[in-house]
Amino acid sequence: MIVIGHRGARGIRPENTLSSFKEALKYVKAVELDVYICKTGEVVVIHDDTVDRTTNGHGRVEEMTFEDLKKLDQGMGERIPTLREVLDLINKRAIVSIELKGKGTASAIKDIISEYLSKGWKEENFAVSSFDHEELEKFHHLCHSIRTGVLIEDDESDYIGIAKRINAFSINPPLKMVDEGFIKRVHESGFKVFVWTVNEKKDAERLKQFGVDGIITDYPNKF
Ligand code: G3P
Ligand code: CA
């Protein structure tokens, strides 16, 4: 069972910051992060479509320049990083699972991944996921060789159908959706199961017994 640091180590550091990823690297070999494209075109690592919750500023990420974003404090003196800054910090020491949050991120992420593949990163160093299945499908069409994960929030979508259509590697459900039967069904369809967000040891133990492939946790230090 692989352990993936959620937004780095968001339980113990400001989420999606260089400090959060540095901390996660002490414990795990995979991290998850979220991306948007800001007004000046940089791919930035931030979870929400606004900066309001995680910084001392206000505004929509896609309407702010990178210079504006860089001025904001995310706590503990941390700034909003670009994806390139995070990749340079990680420097192939962990798998980076990139969640496409903003529109247009599929194409930008394909370009950045290609750039890092030419710098010696391996395809297995990356994964790309999204709740936005259209954006994820776009990514798959642009880049067949990178593993994709279909993120789901509930039972409403035909997630197995979507995963088959884009030849996904995994289906990533919330903890509340998962029981032994779910994992069995998804495995029988040929996909891995990565569950979010698992912060309690007892839940991780239960999932491990069910044969889960990975957990995404705010506390990589616990596992
Ligand atoms: O990848 C799992 C998890 O990150 C999905 O939810 O809201 O934390 O991006 P969220
Ligand atoms: Ca995420």
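None of the figures in this text is laboratory data; all of them are computed from the coordinates on show. Quantities reported herein were computed from a predicted structural model and do not represent experimental measurements. Cβ sites come from the backbone with ideal geometry, for glycine too, and all protein chains shown count toward neighbours.
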- line: Residues whose modelled amide H sits under 5 Å from the amide H of E99, counting only those 5 or more places away in sequence or on another chain, are L33, D34, V35, S129
- prompt: In µm²/s, what is D for the chain at 10 °C and 1.306 mPa s, where D = kT/(6 pi eta Rh) by Stokes-Einstein and Rh is the Kirkwood radius from Cα pairs?
  reply: 91 µm²/s
query: GNM on the chain, C-alpha springs below 10 Å: top fluctuator among L207, L142, L87?
result: L142
- prompt: Across the range 16-26, in residue order, what do the Karplus-derived ³J(HN,Hα) couplings come to in whole Hz, using 6.51 cos²θ - 1.76 cosθ + 1.60 with θ = phi - 60° and x for Gly and Pro?
  reply: 6, 10, 4, 5, 5, 6, 4, 5, 4, 4, 5
query: Between D49 and R185, what is the label-to-label distance in nm when each label sits 7 Å out along the Cα-to-Cβ direction?
result: 3.0 nm
task: Would you mind checking the pairs K101/K208; K138/K184; K71/K103; K39/K222 and listing those with alpha carbons more than 26 angstrom apart?
output: K101/K208; K138/K184; K39/K222
- prompt: Over 24 Å between Cα atoms, which of K26/K176; K122/K201; K29/K202; K22/K176 qualify?
  reply: K26/K176; K122/K201; K22/K176
- line: GNM on the chain, Cα springs under 10 Å; top mean-square fluctuation among T17, T50, T40 goes to T40
